[in-house]
1. Can you name the number of the only condition in (1) under 28 Å from S146 (Cβ atoms); (2) over 16 Å from the mean Cα position of the chain (by Cα) that T77 fails?
2. What about I148, is it free of Cβ contacts under 8 Å to residues at least 40 places away in the same chain, over 19 Å from C19 (Cβ atoms) and not aromatic (F, W, Y)?
3. Report yes if some residue within segment 134-148 is modelled with pLDDT of 90 or more, part of a loop (DSSP other than H, G, I, E, B) and buried (at least 19 other Cβ atoms within 10 Å of the Cβ); otherwise report no.
4. Scanning for something within 18 Å of R52 (Cβ to Cβ), touching a residue at least 12 places away in the same chain (Cβ under 8 Å) and β-branched (V, I, T), does segment 106-115 turn up at least one residue?
5. Among (1) surrounded by 17 or more Cβ atoms within 10 Å (Cβ to Cβ); (2) free of Cβ contacts under 8 Å to residues at least 60 places away in the same chain; (3) more than 22 Å from I148 (Cα to Cα), where does R68 come up short?
6. Would you point out which residue out of R118, R99, R81 is of a type in the set (K, R) and without any contact (Cβ under 8 Å) to a residue 12 or more places away in the chain?
7. Examine segment 3-17 for a residue that is over 12 Å from the mean Cα position of the chain (by Cα), surrounded by 15 or more Cβ atoms within 10 Å (Cβ to Cβ) and within 17 Å of E159 (Cα to Cα), and state whether such a residue exists.
8. What is the number of the single condition among (1) part of a loop (DSSP other than H, G, I, E, B); (2) more than 14 Å from the chain's Cα centre (by Cα) that A129 does not meet?
Amino acid sequence: MSQKRNTGMSFERRIQQVCRVYEQRGIATIEKIDPPSSSANIRGRRVHVLKRNPFLDFSGVWSKKRNRMLMFEAKSTQEKRLPFGSSGLRSNQIEAWRRWSDAGVICFCLWEHDLEVRMVTAPIINAAARAGRKSVKWSEAIKVESGISILFDFLATWESIHE
């Protein structure tokens, strides 16, 4: 039996579906931010290179929160841990998260495992890092519930923990 590699693309498509519902309802406008890239012709072959993205995966404006900007990272794992490093949250992503958060942007990470979605916030990452751990445990992340005709309502989850 062949093992499929989890690239997170199907999770990102589901997030985009949720974002379309938010936009249709006038709640938020959120877009996927593709990383910058460049192409070159090397020995007659076209080579496409992804560059380091200074932004998180998704960015938008939350109308219900007085047009406050929000940015979030999307991660999908086969294990019940979200590692720090090349296979999970990379240091440049965490740094971008902190920089944008310090500027007043709502920032978080949506994490999918076995089609269930959880939210990881800065305090969760900071606690894991302070404890010297190299990952966030699934049990530490906040469960994102589904909403009325919506796959998973991550904005309602954010509101519930920041009321």
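1. Checking T77 against (1) under 28 Å from S146 (Cβ atoms); (2) over 16 Å from the mean Cα position of the chain (by Cα), the one that fails is (2).
2. Details: free of Cβ contacts under 8 Å to residues at least 40 places away in the same chain: yes; over 19 Å from C19 (Cβ atoms): no; not aromatic (F, W, Y): yes.
Taking the combined requirement at face value, the residue does not satisfy it.
3. Here is the first cut: in segment 134-148, the ones modelled with pLDDT of 90 or more are 134-145.
Pick out the ones that are also part of a loop (DSSP other than H, G, I, E, B) and you get 134, 141, 144-145.
After this cut, where a residue has to be buried (at least 19 other Cβ atoms within 10 Å of the Cβ) as well, the list is 141, 144.
Yes, the conditions are met somewhere in segment 134-148.
4. no
5. (1)
6. On the way: R118 fails: without any contact (Cβ under 8 Å) to a residue 12 or more places away in the chain; R81 fails: without any contact (Cβ under 8 Å) to a residue 12 or more places away in the chain.
When all the criteria are applied, what remains is R99.
7. Within segment 3-17 (the criterion being over 12 Å from the mean Cα position of the chain (by Cα), surrounded by 15 or more Cβ atoms within 10 Å (Cβ to Cβ) and within 17 Å of E159 (Cα to Cα)), the answer is no, since none of the residues qualifies.
8. (1)
The values are calculated or read from the model by the stated rules, or taken from the named source; none is laboratory data. No experiment lies behind these values; they were computed from the predicted model shown. Glycine gets a Cβ as well: all are built from the backbone with ideal geometry, and neighbour counts include every protein chain shown.
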